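**Q** Below: one structure in structure tokens.
Quick note: the coordinates plus some simple rules give every number you see, no bench work behind them. What you see is a predicted model, and the numbers here were worked out from it, not measured in a lab. Neighbour counts run over all protein chains shown; Cβ positions are idealised from the backbone, glycine included.
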Amino acid sequence: MDQLIAYPEFPHLLSILIFLPLLGIVPLLLVNSDTFSRNWTLIITAVVALLSIRLITGFDTSTTQFQFAENYTWIESLNINYQVGMDGISILLFLLTTFIMPFCVLASWSYIKKRVRTFMICLLIMETSMLGVFVALDFILFYILWEAMLIPMYLLIGIWGGPRKIYASIKFFLYTLAGSVLMLVAIIWLYQYNSYSFFIPEMMWGEYSFTAQLLIFIAFFLAFAIKVPMFPFHTWLPAAHVEAPTAGSVILASVLLKMGTYGFLRFALPITPDATFYMAQPILWLSIAGIIYGGLTALAQQDMKKLIAYSSVGHMGFVTLGIFVLNQQGVEGAILQMVNHGITTGALFLCVGMIYERTHSRDLQAASGVGQYMPVFVTFLGFFSLSSLAFPGTNSFVGEFMILAGAFSLDTNQGLFPWLALAAIPGAILAAAYMLRMLQKVVWGGTNNPDQSWLTDLNTREILTLAPFLFFVLWIGLGPQPFIDLMRPSVVALLETLHSHQDTSLAAADVLLR
Amino acid sequence: MMLFLPELTLLGAGLIIFFVGIGKNGGNLVKNIAIALGAIVFLSTLVASGQEGTLFFQSYKVDLYSQTFKLMIGGALFAVLLFANKLEDIRQEIHPEYYLFLFTSVLGLMMLVSSVELLAIFVSLELSSFAVYIMVPLRDDTGRFRFQMEAGAKYLLFGVMATGFMLYGMSLYFGLTGSTQLDVLIAELPSMFNQPAAVVATVLVLCGFFYKLAIFPFHFWVPDVYEGAANETTSFIATVPKLAAVALLVRIVAMVGDSGTVMVNLLMVCAIASMFYGNLSALVQKDIKRMLGFSGIAHAGFVLLGLLVFHITGYAHAIYYIAGYVVMNLACFLVICSVAPQGENVQIDDLTGLYKRSPLLALTLVIGLFALAGIPPFVGFMGKFFLLVDALKQDYLLLVTLAAINTAIAIFYYLSVVRVAFCTGEEKLPSITTPLHLKMLSIVLMVIIVIMGVFPSYFINYAENTILTLL
């Protein structure tokens, strides 16, 4: 357990952050009042968000071990422990989650009218399991939280969703569950091989045979690629996004999708390095396919939520591209882009939700020309759209630029023509096309706009919901260095160890394939 | 006296119900007496839980293992009695007899878990079975339903056939060892597994319990009996006898020990076939009891995973799994009985808008179903996970993969029920009022499902301790 560093100044910080939302359910169960439910959930999520700032001040960038660690025996007979800890890869995603949740509550303030109490309970359970996933260091703890979150998410879509909510929620549940059952088999196999330990750092960089690595990688890949979702496993995403309530869409886009890419970084790369090198090329081209496909499909959408959902497929394609170029710019860009996508797409879904609350339609035509009557709203929408198309000065530009730089250097370092980066460029252009098309429609529309004069602009609560997102869009866009500094040591250490495996792995693959 | 207390209490309970039946009585009297007697039986198992000793010329052993199972059986019986309705679909004048048979069947099951002699096992098993054979067709045949007779006949015929197999196997055991005492068999059998007769005998004896547990290929009775019997009867059949069946399966498997690859392969095939058959058939069911029947076949297949590793932790996990399964099933049947106060069969569509009609029942159902589906953090997941770990420890990678795929298949039909209960029914439907004792029972069941799932250590250790008394 020498990979774990405790945090004596605040010993149970992570556990408190994880379980505070779960404990927050108790008063909700006792008091049956909509107003109380809203206020209480907002308080709980806000407290968690504020408390998580302590993580930044206490985070030590000089080490690559797992910090704020806690370690307790849980199920002794199988050596399952409650082990949590955080490194440079997980800290940003953890903070993103704690930061997003209060705004999910705010966004549901008037959007959710029925069964408010149940809705808030689902949100709090989601928060606990999402936070746990990012810091779990015991594979079974990870798997339990990873699966447990399906239930509240299923209910969020299934109860408060749109007209096709049943189809969407079942598709979401089945896809994700079917993807991860084989991961459980892989986890148990690893447990056997590592002398009956579920401790994740112990599983990393193990001496597994190439065949075993390949099989484990495939099991991981299925689970994570469906969650990301990578083309061609993406079909659940548009359905789920479109039907989910605003808060559900935001959680899906901002946090759930990141779990897939986080899984690749945390598990696939260190546990199966040889298979990672072997499979990197096909996955890179799948990412390119996702970028182009997501862009082209988004261009054809009339439904704003669907448009953003398909744009997510494209953006997450950039993230997987960045991860599997397996160099420092790429991986750092990928992690930054995960955060960026969480902020930008989350904010876009919030915007669409605000329009939907007024017009009860997500149709682009029905929302056209609102710019004249909702100037504050379209200002926000404009900034977030520009961020989504990676306009310089916004957060996504930094992330995408780093990823593309990583893709370039992957080929040029080997003296090859940079086909990969070249193939990804149209994705950036497509993003501009579909985002500007949406923005043009919403702000100005055409000559036959519906009558929008009855619309009221954003109220204070809505402005307060969106403003922090804008703040981060500009902060990361103009000064990304603090964020990169947080993750850099962990990324460098990960890639160094990974590349020390490269020669042996290619040799192993050669032997196997000859 | 203390050793035999639960059984004596049951016998007394049956007699009391019998005498109540002589007089003329109406209303809820019989039902309330039965509930009170159920509580007394449960208490008696609790009181007798620490007992140890042997009775009846070494053929009846009271130890931690048997008393634990008796406690679970008593608890499950009490729960079933609590949430049973007024038995509207069974004629009023035979209600006392119905409860008499119920108590007799439980008496048989309790004797079964203590029996350590082949003939005692046989007699107890038949005592419990014959009572249930009668309970199934007791459903009213004048009114709406006519398939209870078919169900009863199927149950009887398959049961008798399986018993025949088992009796034949027992006679082979006797021929091989010259004894019907299990402790003699434990000593003699391991050296005999080079003889086909020993393997055949073991397989035949297992058949009897495969039938009770509904493992492929002894599952044919399940869907029809589940659908044809009254809801209360099905609740009983789906839970209490499974406990006793697993108790005896573990006893026999622990007795024969690791008996070579033939046995393992056979159990593996049965496990896989049960899972696929149960899960695939459940996908298309419309009647929820039928669906739970098929899902029960799949779960029985999962229990076999713990047995075919021939290791003490495997047995402990099998017991943990079946205990969890019974609690989850009780939660589901509690809801089924509550939404059908007239005793009618419940179609999945009848659960429409259950969330609005009764939030607590809907929550109970959703937790029960997600637990059955094996979603963490409920007991169903932990049980499945432990069994998969056991099987993979023996390098049965294919078996584990197929079992894991089955959990993915199963989720669909459980979800489709949750969908109906939670996500549909915008129109106004009459709400269901649940009496206080049912509310408490459903909360207790939910808490058990969560506690067993989140803190399994204690239960596993306890199960291991009980098994140590076997060996």
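**Q** Arrange the peptides B:42-48, A:345-351 so that the one whose residues have, on average, the most other Cβ atoms within 10 Å appears first.
**A** A:345-351, B:42-48
**Q** Here is a further query. Pairs of Cα atoms under 8 Å, at least six residues apart: use those to get the relative contact order of the range A:272-514, whole percent.
**A** Averaging sequence separation for qualifying contacts and normalising by length gives 28 percent for the range A:272-514.
**Q** Same structure again: Which of the three applies to the protein assembly as shown, rounded, prolate or oblate, going by the alpha-carbon gyration tensor with a ≥ b ≥ c and a/c under 1.5 meaning rounded?
**A** prolate
**Q** What does the charge count around B:Ala316 come to, taking other residues whose C-beta lies under 15 Å from its C-beta (Lys +1, Arg +1, Asp -1, Glu -1)?
**A** Around B:Ala316, the charge tally is 0.
**Q** Follow-up. Per residue of the range B:389-399, what does 6.51 cos²θ - 1.76 cosθ + 1.60 with θ = phi - 60° give for ³J(HN,Hα)? Whole Hz please, x for Gly and Pro, Karplus curve as stated.
**A** My calculation for the range B:389-399 gives 4, 4, 5, 6, 4, 8, 6, 8, 5, 4, 4 Hz in order.
**Q** Mind scanning A:Lys258/A:Lys441; A:Lys165/B:Lys154; B:Lys154/B:Lys428; A:Lys441/B:Lys428 and naming the pairs with a C-alpha gap bigger than 32 Å?
**A** A:Lys165/B:Lys154; B:Lys154/B:Lys428; A:Lys441/B:Lys428
**Q** Give a residue-ordered list of calculated ³J(HN,Hα) values for the range A:327-339 (Karplus: 6.51 cos²θ - 1.76 cosθ + 1.60, θ = phi - 60°; whole Hz; x for Gly, Pro).
**A** Running phi through 6.51 cos²θ - 1.76 cosθ + 1.60 with θ = phi - 60° gives 10, 5, 4, x, 5, 4, x, 5, 5, 5, 5, 4, 5 Hz.
**Q** Further, regarding this structure: Which links in B:Lys31/B:Lys70; A:Lys114/B:Lys86; A:Lys113/A:Lys306; A:Lys113/B:Lys356 stretch past 25 Å when you go from one Cα to the other?
**A** A:Lys114/B:Lys86
**Q** Hey, got the average number of other protein chain Cβ atoms within 10 angstrom for residues in B:456-465?
**A** 2
**Q** Then there is this: Can you list the lysines whose alpha carbon sits under 30 Å from that of B:Lys393, skipping same-chain ones fewer than 8 residues off?
**A** B:Lys393 reaches A:Lys227, B:Lys212, B:Lys242, B:Lys384.
**Q** Let me ask something additional. Under 5 Å between amide H atoms, partner at least 5 residues away or on a different chain: which partners does B:Val62 have, H built in plane at 1.01 Å?
**A** B:Gly53, B:Thr54, B:Leu55
**Q** Per residue of A:177-187, what is the mean number of Cβ atoms on other protein chains within 10 angstrom of that residue's Cβ?
**A** 5
**Q** Counting only residues 5 or more places away or on other chains, whose amide H sits under 5 Å from the amide H of A:Ala6 once H atoms are built in the peptide plane?
**A** A:Ala69
**Q** For the range A:327-445, what log10 I(q)/I(0) values come out of the Debye formula at q = 0.13, 0.17, 0.22 1/Å, with one point per alpha carbon and no solvent?
**A** -0.58, -0.83, -1.16
**Q** What is the percent of Cα-Cα separations in the range B:5-468 that go past 36 Å?
**A** 23
**Q** A further question follows. Under the Karplus relation 6.51 cos²θ - 1.76 cosθ + 1.60, θ = phi - 60°, what is the ordered set of whole-Hz ³J(HN,Hα) values for the range A:29-41, x standing for Gly and Pro?
**A** Running phi through 6.51 cos²θ - 1.76 cosθ + 1.60 with θ = phi - 60° gives 5, 8, 9, 9, 8, 5, 5, 4, 4, 4, 4, 4, 5 Hz.
**Q** Averaged over peptide A:239-250, how many Cβ atoms belonging to another chain are found within 10 Å of each residue's Cβ?
**A** Shielding by partners across A:239-250 averages 0.
**Q** Turning to a different aspect of this structure: Helix-only estimate, please: 222 nm mean residue ellipticity of the protein assembly as shown, summing -39500 (n - 2.57) across DSSP H runs of length 4 or more and dividing by its residues, to the nearest 500.
**A** Taking each H run of at least 4 residues, the total per residue is -24000 deg cm²/dmol.
**Q** What does the highest-first list of B:385-392, B:167-174 look like by mean Cβ count within 10 Å?
**A** For the peptides B:385-392, B:167-174, the packing ranking is B:385-392, B:167-174.
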